[in-house]
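Okay, so here's the structure we're looking at.
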């Protein structure tokens with residue numbers, strides 16, 4: 001199997017990339033700018049793509065996710081988090097009630113990227129751990145363990161904010 005052409009990648013994934021980004025940012029123009037950045041990176045990195053390591057969709061999703069994370073790093077913390085982040089109930093409701101979203105954003109930024117991505121996919125995107133495992137190309141058990149570790153890091157980080 002050979003690497004698809006840039007035109008085919010664009011045609012096959014532009015709508016999916018825009019949908020993914022639009023679900024996470026408020027303005028269409030902002031989403032279009034981020035999508036443009038994604039496809040610029042794809043053009044620059046096409047020679048680095050290794051089909052033995054990941055499928056094209058996984059590669060495109062990874063670039064999209066990383067570009068979105070870069071975007072979040074450049075914007076205010078209040079734009080990073082959705083207020084429905086913890087609807088699932090797995091995060092302590094007291095934690096969210098007692099702390100500001102800015103502090104939660106700081107706590108998220110302090111954790112390793114992979115753990116942060118699991119939290120974002122789980123609570124912001126509403127994905128199951130099984131879906132996250134598939135997206136990240138990890139076993140369910142690995143994702144479950146990392147999810148638990150991420151929640152514990154968040155709890156500890158938030159306790160530091162409470163003690164201030």
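Identify all residues within region 126-153 that are outside any helix (DSSP H, G or I) and crowded, with 16+ Cβ neighbours inside 10 Å; write none if there are none.
127, 138
May I ask you to verify whether residue 64 is modelled with pLDDT of 85 or more and assigned to a loop (DSSP other than H, G, I, E, B)?
Criteria not met by residue 64.
Suppose the filter is assigned to a loop (DSSP other than H, G, I, E, B), outside the structural domain of residue 71 (by TED's automatic domain parsing), at pLDDT below 90 and touching a helix residue (DSSP H, G or I) at 6+ places or on another chain (Cβ under 7 Å); does residue 86 pass it? Outline the logic, then answer.
Working: assigned to a loop (DSSP other than H, G, I, E, B): yes; outside the structural domain of residue 71 (by TED's automatic domain parsing): yes; at pLDDT below 90: yes; touching a helix residue (DSSP H, G or I) at 6+ places or on another chain (Cβ under 7 Å): yes.
Yes; evaluated as a whole, the condition is true for this residue.
Filter region 11-58 for residues that are over 26 Å from residue 124 (Cβ atoms), in contact (Cβ under 8 Å) with a residue 24 or more places away in the chain and part of a helix (DSSP H, G or I) and give the result. Can you show your working first?
First pass over region 11-58, keeping only residues over 26 Å from residue 124 (Cβ atoms): 11, 43-44, 46-53.
With in contact (Cβ under 8 Å) with a residue 24 or more places away in the chain added as a condition, the list becomes 43, 46, 49, 51.
Within region 11-58, 43, 46 qualify.
Looking only at region 133-141, decide whether some residue is under 23 Å from residue 20 (Cβ atoms) and at pLDDT below 80. Don't jump to the end; show me each part of the working.
Here is the first cut: in region 133-141, the ones under 23 Å from residue 20 (Cβ atoms) are 133-138, 140.
Still in the list and also at pLDDT below 80: none.
Within region 133-141 (the criterion being under 23 Å from residue 20 (Cβ atoms) and at pLDDT below 80), the answer is no, since none of the residues qualifies.
The values are calculated or read from the model by the stated rules, or taken from the named source; none is laboratory data. What you see is a predicted model; the values in this text were computed from it and never measured. Backbone-built Cβ (ideal geometry, glycine too); neighbour counts: all protein chains shown.
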